[in-house]
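Take a look at the structure below.
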Amino acid sequence: MPILNLAQALNQALFQALEKWDDVMVLGEDVGRTGGVFRVTDGLWERFGPERVVDTPVAESGIVGVGLGLAVGGMRPVVELQFMGFSYPALDQIINHVSRIRNRSRHRFTAPMVIRIPYGGGIGAAEHHSESMEAIYGHIPGLKVVVPSRPADAKGLLLAAIQDPDPVVFCEPIRLYRAVREEVAEEVYVTPLGEAAVEREGDDVTVVSWGAMMRECREAADAAAEAGISVELVDLRTLVPLDVDTVTESVRKTGRAVIVHEAPRTGGFGAEVMAQIFERCLYDLEGPVVRVTGWDTVFPLKRGEHLYLPDVGRVLSGIRRALEG
Amino acid sequence: MRQLLTPSGDLVGEAPFGLDLCVRLYRAMVVARSYDRKCVALQKQGRLATYAPFEGQEAAQIGSAAALEPDDWMVATYRDAAAMWAQGYPMELLVAGRTGDERGGSPPDHVNVLPPSITVGGHMVHAVGLAWAERLQGSSRIAITYFGDGATSEGDFHEALNFAGVYGVGCVFFCQNNGWAISMPRSAQTASETIAQKAIAYGMPGVQVDGNDLFAVYEVTRQAVERARAGEGPTLIEAVTYRLGPHTTSDDPGRYRDAGEVEEWRRRDPLERVRIFLSERGRWDPEWQAEVEEKAAREVERAVELAESLPPPAPGDVFGGMFESPPRHLREQQATLELYRAAGEG
Ligand SMILES: Cc1ncc(C[n+]2csc(CCOP(=O)(O)OP(=O)(O)O)c2C)c(N)n1
């Protein structure tokens with residue numbers, strides 16, 4: 001099997017979707033001729049032409065709102081918002097229209113569309129380019145929210161999102177685009193939405209994370225193993241719908257949990273995961289659930305990024321705290 | 001400003017349609033007015049949620065909708081029930097929507113009309129996408145979107161016209177400049193002399209038309225629709241009209257506008273000039289009017305009965321509309337609500 005990085009895996013998914021389904025189109029700022037600012041759409045414009053791979057004006061609300069019209073009209077648009085920090089102009093369209101057209105028309109009109117949003121920090125980018133606001137999208141009824149952390153999942157999840165009958169917000173971890181590589185099957189396949197993955201099994205403590213922070217969690221799990229701590233690592237992959245069973249089964253087994261995300265702490269999606277653990281398996285816990293998160297601050301610029309982002313050390317320390325508690 | 005039929009009923013150009021269609025559209029305006037007044041009355045009785053009356057705008061809505069093919073897309077607002085009904089949206093569903101029932105948002109399969117937009121301005125981009133989708137699928141269906149003068153201040157007005165211009169999609173932008181956006185007069189909404197002139201910025205034609213003139217509205221919309229269908233791109237139409245009633249049933253226009261202004265516009269009633277026109281051609285008399293009104297009232301009454309006979313929504317209706325198949329968390333939440341209800345607690 002070929003070895004691809006995460007950006008290449010996403011590119012392959014888009015390529016295959018455009019090839020397989022005539023109703024799929026890709027729209028966004030700079031997604032065509034230049035292949036996207038992260039090159040995720042590289043080569044699509046050349047192969048499928050400007051009718052299906054559309055460079056749009058710089059207008060996020062328009063991209064999503066026109067995309068919704070395209071979706072209701074019978075197409076399957078995959079729209080890209082260049083960075084999460086620039087997705088907010090589209091929030092009105094996402095909250096007031098995309099997420100509710102099915103409900104407000106009682107299934108008569110639907111929005112099978114994917115909104116791809118590169119997110120997260122760690123690449124020393126300019127202001128607004130490091131946001132990790134997936135909890136905002138997770139809070140909106142009527143959306144599915146997906147956050148892959150590895151190439152093989154990224155491809156399968158994106159293909160699943162494109163075929164999904166409902167709108168999907170697809171958050172792509174910018175700092176992993178080229179940092180993780182693995183074997184990715186060449187054929188078209190689907191990784192079902194709403195299923196978490198137990199990425200490695202362990203007995204002492206459950207670490208739950210998603211997206212970009214999975215890399216730090218993997219390294220922390222390695223380091224913990226060297227110190228004799230057996231970590232069970234759960235990659236949520238989909239935030240909504242949340243695979244509660246995989247999380248609670250793991251927590252029931254280990255009795256301890258650490259939740260890791262780079263988004264701000266207050267109201268972060270970790271709070272929802274923690275609440276689910278408390279509601280469903282409080283009495284299986286042997287200690288307090290620990291959160292390792294970004295701070296409730298504006299994401300610092302390049303020179304201060306390391307002060308904000310949880311690193312392997314902070315995840316390890318979270319694991320220790322969970323075991324002591 | 002394009003005008004064909006003056007407020008006193010004089011034809012000052014060539015009629016864009018024959019007498020039969022004129023009679024049919026006049027009848028439609030009578031039905032629309034009957035519907036509108038009935039909704040206001042029902043709201044006062046507490047049978048409808050807040051209602052936004054369109055009295056005074058009948059020619060703008062009926063005349064423009066008449067220029068469409070029955071399967072063209074329409075994306076309109078809370079004040080456009082007449083246009084939606086004229087495009088095939090069942091009246092009982094329009095009433096149902098106003099009773100506060102989502103089932104009112106679900107027209108039959110052959111009716112390509114989205115449920116009315118409650119957010120000001122956000123819906124125009126959808127019409128652009130719809131028209132574009134039709135073109136991509138090789139169909140000649142076009143889309144029309146309705147909005148008010150206030151909506152032209154929203155960012156999405158700009159984004160919609162901009163996208164439509166860039167991709168040359170077959171979308172007709174139909175602005176009903178009814179003079180007011182709640183308490184804000186048109187003059188305070190934009191420094192542009194006309195709304196039609198904004199079209200220049202997007203590389204499309206802009207036309208200003210007397211919105212109370214059924215003939216002129218039909219004519220300019222027909223031209224825009226034909227242009228769109230021929231693949232020649234979008235058009236912005238500004239129909240100058242007037243909201244004779246309050247913004248909604250909760251609004252008191254006495255706080256911000258003169259009764260004199262309203263009276264002046266009453267003299268430009270969109271139905272009256274067509275009535276005179278028909279009367280002068282032997283197609284109108286008081287008995288016929290009474291008959292038309294009576295039939296209209298019955299049609300509206302029937303719609304109200306149907307809407308009010310819908311059974312109340314059940315928990316499954318609240319949860320069932322969110323996704324094609326409800327994910328686990330919604331199934332659990334629905335079960336919880338049902339437990340509360342079974343225990344008499346919800
Ligand atoms: C985005 C948004 N902002 C504010 C409102 C509240 N609101 C409802 S109607 C309205 C005025 C709209 O005026 P106009 O577009 O001229 O249409 P009209 O009501 O006169 O038909 C406002 C401010 C809203 N519904 N949506």
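Each stretch of four or more DSSP H residues adds -39500 (n - 2.57); spread over every residue of chain B, this sum gives -14000 deg cm²/dmol at 222 nm. The order of the peptides A:33-42, A:100-109, B:313-322, B:10-19 by mean Cβ neighbours within 10 Å, most packed first, is A:100-109, A:33-42, B:313-322, B:10-19. Dipole magnitude for the protein assembly as shown: computed about the Cα centre from +1 point charges on Lys and Arg Cβ and -1 point charges on Asp and Glu Cβ, it is near 460 debye.
Note on chain B: GNM, Cα springs under 10 Å; of B:HIS329, B:HIS123, B:HIS158, the largest mean-square fluctuation is that of B:HIS329. Membrane-span-like helices in chain B, defined here as complete DSSP H runs extending at least 30 Å along the helix axis by their C-alpha atoms with mean Kyte-Doolittle hydropathy no lower than 1.6, are absent; this is a sequence and geometry rule, not a statement about a membrane. Modelled spin-label separation between B:ILE200 and A:ASP22, with each label point placed 7 Å from Cα along the Cα-to-Cβ direction: 4.3 nm. From most to least packed by mean Cβ count within 10 Å, the peptides B:280-286, A:23-29 give A:23-29, B:280-286. Working note: Debye formula, equal point scatterers on the alpha-carbon atoms of the protein assembly as shown, no solvent; log10 I(q)/I(0) at q = 0.05, 0.06, 0.08, 0.09 Å⁻¹ is -0.28, -0.40, -0.67, -0.81.
Does the range B:19-313 come out rounded, prolate or oblate, given a ≥ b ≥ c as the square roots of the eigenvalues of its C-alpha gyration tensor, rounded meaning a/c under 1.5 and, failing that, prolate meaning a/b above b/c? Rounded shape, in that the Cα axes give a/c under 1.5.
When the helices of chain A are scored as -39500 (n - 2.57) per DSSP H run of n ≥ 4 and the total is divided over every residue, the value at 222 nm lands at -10000 deg cm²/dmol.
Counts of other chain beta carbons within 10 angstrom of each beta carbon in peptide A:138-145 average 1. Both chains summed, the buried accessible area for A and B stands near 3500 Å², from protein heavy atoms and a 1.4 Å probe. Residues B:THR6, B:THR145 ordered from highest to lowest accessible area at a 1.4 Å probe: B:THR6, B:THR145.
The H on the amide N of A:VAL207, modeled in the peptide plane, is under 5 Å from the matching H of A:GLU232, A:LEU233, A:VAL234, A:VAL258, each at least 5 residues off or on a different chain. For chain A, the average shadow cast by the Cα convex hull is 15.9 nm², which is a quarter of the hull's surface. Note on B:113-125: average number of Cβ atoms from other chains within 10 Å of each residue's Cβ is 5. The listed peptides A:158-164, A:192-198, B:85-91, ordered by packing as a protection proxy, come out as A:158-164, B:85-91, A:192-198 (highest mean of other Cβ atoms within 10 Å first). Computed from label points 7 Å out along Cα-Cβ, the spacing between B:SER187 and B:ARG255 is 2.2 nm.
Rounded to the nearest 20, the size of the Cβ-charge dipole of the range A:215-325 about its Cα centre is 280 debye, with Lys and Arg at +1 and Asp and Glu at -1. Largest to smallest in accessible area, the residues A:HIS128, A:HIS139 fall in the order A:HIS139, A:HIS128 (1.4 Å probe, all protein chains included). With each label modelled as a point 7 angstrom along the Cα→C-beta vector, the A:ALA275-A:GLU46 pair spans 4.9 nm.
Counting Cβ atoms of other protein chains within 10 Å of each Cβ in B:319-326 and taking the mean gives 6.
The lysines whose alpha-carbon is closer than 22 Å to the alpha-carbon of A:LYS155, local same-chain residues fewer than 8 away aside, are A:LYS20, A:LYS144.
The values are calculated or read from the model by the stated rules, or taken from the named source; none is laboratory data. Everything numeric here is computed off the predicted structure, so don't read it as measured data. Heads up, the Cβs are rebuilt from the backbone with ideal geometry, glycines too, and the neighbour counts pull from every protein chain shown. Each accessible area value is taken on the protein alone, full model and side chains, heavy atoms only, with ligands, DNA and RNA left out. Shrake-Rupley method; radii C 1.70, N 1.55, O 1.52, S 1.80 Å.
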